[in-house]
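No lab work stands behind these numbers, since they all come straight from the coordinates. Just so it is clear, the model here is predicted, and its values are computed rather than measured.
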Amino acid sequence: MSTARQVHTASILANGQVIVAGGSNSVGILNSAELYDTLTGLWTRAGNMTIAR
């Protein structure tokens, strides 16, 4: 994960990837999301939400 976060949401997608979105860290509330590929073990930025949550 490229951005440390807590109190985020995570969902398993139909293709097996996991999307992690929102949450907060020491900087504040996050609007970013990341995808985790369970086959490769790699994280990829998935873009930003309009509103941090």
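In percent, how large is the relative contact order of the chain, given Cα pairs closer than 8 Å and 6 or more residues apart?
On the way: 105 pairs, mean separation 15.7, N = 53.
It rounds to 30 percent for the chain.
Under 5 Å from the amide H of residue 49 lie the amide H atoms of 32, 33, each residue being 5 or more positions distant or on a separate chain, with H modelled from the backbone and absent for Pro and chain starts.
Pull out a ≥ b ≥ c, the square roots of the eigenvalues of the alpha-carbon gyration tensor of region 9-48, then state rounded if a/c is under 1.5, prolate if not and a/b is larger than b/c, and oblate in the remaining case.
Numbers: a/c = 2.57, a/b = 2.07, b/c = 1.24.
Here region 9-48 falls in the prolate category.
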